[in-house]
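Below is one structure, written out as structure tokens; the observations come after it.
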Amino acid sequence: MKRFQIALCDTNKQELEGYATVCRGICEKNGLSADFKLYASSGDLLFDMGPHEFTWMFNIFIIDPENGFSDMPSAIRRVGYNGVILYLSHSKSPEHYQQAFDAGAYNFIEKGTEPQLLFRFQSVFEAALQTAKQIDRQFLMVSCAGELRRIEVKDIHYFESAADHMVNVVYNGGSFQFLSTMKGLEERFRDRGFVRVHRSYLVSVDAIHRVEPGTLTLNSGRRILVSRDRYPALKTAMFCWQT
């Protein structure tokens, strides 16, 4: 299972660590593996934000806009982050509520140790996790030799096995090799319109133009081998999958 990446940003270190503990417990309860990055100053966050790829790594940002973090949500959006942002604060400032709205925040939650406030945070965070899962499914994040790519799943044509346990993904605009297995990719993408047509190929049904015994032709004109034993599954996928 993919590990989610969650950032918490709060200058109050005690509350920062406390809510991180609460979030870990909620993730464990929901069977979700997650890593947490804690930022106690906006300077630390800005330092890490150097490369734009940084924000692509996170599924959820939880931010207290007070004491220097008020401009961070909009800054995160400007560098291309399209995931979930939660505001978590004691603040009742109309300015902070307006900033949350402008940044497309998922919710604005009041901090507190009272049972009703903790229950509300738990409910909102669990819902945010489900939203983040759906957003994450829209992209493939891959890296190799220090280079990171974020590829929209809808743009992928096919995956092809390569040498040295590498896989090549071909998509609108290019291709990229990364370390993976065809079996793992097949399991991950089988419910997203991809079908294994050969031991070396996993193909998007949307990218297929024509199917013939032994081969298929993509919309790009590329021809790909189809194994005899996988031909029935390919025909079924072509019939059942709807864009």
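The values are calculated or read from the model by the stated rules, or taken from the named source; none is laboratory data. Source: prediction; values computed, not measured. Reconstructed Cβ throughout: ideal geometry from the backbone, glycine too, with neighbour counts over all protein chains shown. Please note that ligands, DNA and RNA were not included when accessible areas were found on the heavy atoms of the full protein model with its side chains. Shrake-Rupley method; radii C 1.70, N 1.55, O 1.52, S 1.80 Å.
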Practice problem: Return one whole number: the accessible area per residue of the stretch 86-201 in Å², for a 1.4 Å probe. | Solution: 53 Å²
Practice problem: Tally up the carbon and sulfur contribution to the accessible surface of the stretch 184-243 as a whole percent, 1.4 Å probe, everything protein left in place. | Solution: 49 percent
Exercise. Take C240, C23 and sort them by solvent-accessible surface of the protein heavy atoms, 1.4 Å probe, largest at the top.
Key: C240, C23
Quiz prompt | Low-density loop cleavage sites - trypsin sites (Lys or Arg not before Pro) in the stretch 41-134, where at most 12 other Cβ are within 10 Å (DSSP) | solution = K92
Exercise. Provide the per-residue ³J(HN,Hα) series for the stretch 29-38, in order, calculated from phi with Karplus coefficients 6.51, -1.76, 1.60 and θ = phi - 60°, each as a whole number of Hz, with x at glycine and proline positions.
Key: 4, 8, x, 10, 7, 8, 10, 10, 10, 9
Quiz item: In a GNM of the chain with a 10 Å cut-off on Cα contacts, which of E126, E95, E66 has the highest mean-square fluctuation?
Solution: E95
Practice problem: Pull up all non-local amide H partners of S200: gap of 5 or more, or a different chain, and H-to-H distance under 5 Å with H placed in the peptide plane. | Solution: none
Quiz item: So, in Å, what gap is there between the alpha-carbon centers of the stretch 87-102 and the stretch 126-173?
Solution: 34 Å
Quiz item: Each residue of the stretch 214-223 in turn: what ³J(HN,Hα) in whole Hz from Karplus with 6.51, -1.76, 1.60 and θ = phi - 60°, glycine and Pro shown as x?
Solution: x, 8, 9, 10, 7, 4, 6, x, 5, 9
Quiz item: Given (1) 34, 24, 15; (2) 42, 18, 16; (3) 32, 19, 16, which label gives semi-axes √(5λ) of the Cα gyration tensor in Å as computed from the coordinates?
Solution: (2)
Quiz item: Considering amide H positions built from the backbone, and no H for Pro or chain starts, which residues 5 or more places from G104, or on another chain, come under 5 Å of its amide H?
Solution: none
Quiz item: Sorted by accessible area (1.4 Å probe), largest first, how do M49, M238 line up?
Solution: M238, M49
Practice problem: Grab the DSSP H runs of the chain that are 4 residues or longer, score each as -39,500 (n - 2.57), total them, divide by all residues and round the 222 nm result to the nearest 500 deg cm²/dmol. | Solution: -10500 deg cm²/dmol
